[in-house]
Amino acid sequence: MQELMIHKQPVTQHISIDPEMRAITCLLSSITVNMRPLPFRVLMHLLKNQDKCISRDELFEECWQGAVVSEQSLTNTISYIRNKIKKLESNELKIKTISKKGYSLVITLNHELPENNHNGDLKDRAEESGETQELDKVIELDDSPGDSDKDNGFNRILSENEKINLPAVKGVYIRGMWFFVNLMLISTLIFLIAKNNKGNASFMDEKNYQRYELGNIDVYISDPDGLLVEGEFRKELDGSNLNSCDINKVYIRVYSSPYNKDNIAMSAFIITKNSESQNIINYKLVEGELYNSILESIQDDDLCH
């Protein structure tokens, strides 16, 4: 037991991490959770850079080590880590999403377990949606008399107007319904705007690409660092099986890795024939087989048969 404790590293007064066992322990709740290797690497990198915004590209480079993965892989990994942290029943660790930038691990020092009651959970959720004041009024209704007091107590409260103001309660529900309807209208409007502007993303501006035709597929290449030879890529493209894939358009960007100048990286945005989209990233293309490595990264088993 003493040898195991040596490997534990304190994160806060109540949270410790055992890198050897890939385990996180909360002393207050006496709960320990274990993690799979890849999510644990992501957590440790965020912990090493706590309170800093770590970009998605940096996490791919540091934790996936050049493997070809989709953006969804990182999203699923962050969700997995958040679920593990939630099981600790502690508010001291939290992974924040920084919009369009990345993620940040925030540590808050607490001295007791978070409240584990119905009203407290409702209140936490309400604070996230900006409805705390309205929910406070609704929660007061949970303290209404029991069954044995309803016949006498309820009529007395209504007549004396001591605790429950029915017009006020009605107003709370009306405001809540108004908020919900407006939220749905705003969400629908945002969805429609995003759908109409889907083709206007800056990285899909065809002026920044060299266009190639391969049967019914449009292949767009962006090579700002001059890493490709046009004739050689055209030859490799013509000899590939890309034309048999479920692809309508593919936008490929080839560039020097921002984290290791000796590596050549690529990212691809694919639009299928059914107008679905997919992202592919490869942070370490095979040296000497650059063109073939690009095409193999795109020819996913789900897209090509």
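Every read-out reported here was derived from the displayed coordinates using simple, explicitly stated rules and does not represent laboratory data. What you see is a predicted model, and the numbers here were worked out from it, not measured in a lab. A quick note on method: Cβ atoms are made from the backbone with ideal geometry, for glycine too, and the neighbour counts reach across all protein chains shown.
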| remark: If amide H atoms are modeled at 1.01 Å from N in the peptide plane, then the residues at a separation of 5 or more from residue 273, or on another chain, having amide H under 5 Å from its own are 247, 248
| message | For the pair residue 175/residue 29, report the inter-label distance in nm, with labels modelled 7 Å from Cα in the Cβ direction. | response | 3.2
| request: Send over the semi-axes of region 200-299's equivalent ellipsoid, whole angstrom and largest first, taken as the square roots of 5 times the C-alpha gyration tensor eigenvalues. | output: 20, 16, 13
| Label zone at residue 55, where the point sits 7 Å out along the Cα-to-Cβ direction: region 214-233 residues whose backbone N lies under 16 Å | 224-225
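For residue 275 and residue 244, what does the FRET efficiency come to when R0 = 22 Å and r is the distance between their Cβ atoms, rounded to the nearest 0.05? List each step's numbers first, then the result.
Numbers: r = 19 Å, r/R0 = 0.87.
That gives a FRET efficiency of 0.70.
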| Simple label model, 7 Å out from Cα along Cβ direction - residue 45 to residue 225, nm | 1.8
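For the cross-link pairs 84/249; 48/86; 8/87; 48/100; 52/207, which exceed 30 Å when the distance is taken from alpha carbon to alpha carbon? Walk me through the numbers before you get to the answer.
Values: 84/249 39 Å; 48/86 20 Å; 8/87 19 Å; 48/100 21 Å; 52/207 35 Å.
Distance filter (> 30 Å) returns 84/249; 52/207.
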| request: Take the Cα coordinates of region 2-107, assign each an equal point scatterer, and use the Debye formula without solvent to give log10 I(q)/I(0) at q = 0.16, 0.19, 0.21, 0.23 Å⁻¹. | output: -0.69, -0.96, -1.14, -1.34
| request: Give me the distance in nm between label points sitting 7 Å out from Cα along the Cα-to-Cβ direction at residue 213 and residue 13, one decimal. | output: 7.1
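Placing unit charges on C-beta atoms (Lys and Arg positive, Asp and Glu negative, everything else neutral), compute the dipole magnitude of region 2-107 about its Cα centre in debye, rounded to 20.
Details: 15 positive and 11 negative charges, 71 e Å.
Approximately 340 debye in magnitude.
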